[in-house]
Amino acid sequence: MATRTVRGREADGMAVASFVMGLAGLLVFNLVLGPCALVLAGLALKRGTTRRTRAVLGLTLGAADIAVLAAVAAADQSFSWSITG
């Protein structure tokens, strides 16, 4: 029973971490944080997190990070961007 509780807490932590990484990845380091958010959200969902909504949001934000990176790379042929233009 104790291992199930620890595993559930780890999955919940992964769900929250994927959400935070996905959100931060929209602004900085989307090349790194986007895929990390996708992997952590997938693992959290597979392990049965109780914070399913955060894991799904992390999955969505991670995909958005990759989409932003692809759009910026297509627009100005580089993998870097700045909020200031």
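No value in this document is a laboratory result; all are computed from the given coordinates. Predicted model only: the values in this text are computed from it and were never measured. Here the Cβ is made from the backbone with ideal geometry for all residues, glycine too, and neighbour counts use every protein chain on show.
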- Message: Rounding to the nearest 10 and keeping the result within 0 to 90°, find how far the Cα-based axis of helix 30-46 lies from the longest principal axis of the chain.
- Response: 20 degrees
- Describe numerically, in nm with one decimal, the distance between label points set 7 Å from Cα along Cα→Cβ at ILE66 and at LEU31. 1.7 nm
- Query: Using only helices, what value at 222 nm comes out for the chain when you add -39,500 (n - 2.57) per DSSP H run of length 4 or more and divide by the total residues, to the nearest 500 deg cm²/dmol?
  - Reply: -27000 deg cm²/dmol
- Query: Once you list every other residue whose beta carbon is under 9 Å from the beta carbon of PHE19, what net charge do they have if Lys and Arg are +1 and Asp and Glu are -1?
  - Reply: +2
- Task: Between beta-carbons, use under 12 Å as the cut-off and find the net charge around ALA55, counting Lys and Arg +1, Asp and Glu -1.
- Result: +4
- Global geometry of the chain, whether rounded, prolate or oblate, following the gyration tensor of its Cα atoms and the 1.5 cut on a/c: prolate
- Task: Assuming R0 = 22 Å, can you tell me the calculated FRET efficiency for the pair ARG47 and ALA75, based on Cβ-Cβ distance, to the nearest 0.05?
- Result: 0.05
- Two pseudo-spin positions, 7 Å from Cα along C-beta at GLU10 and at VAL39, lie apart in nanometres by 1.5 nm
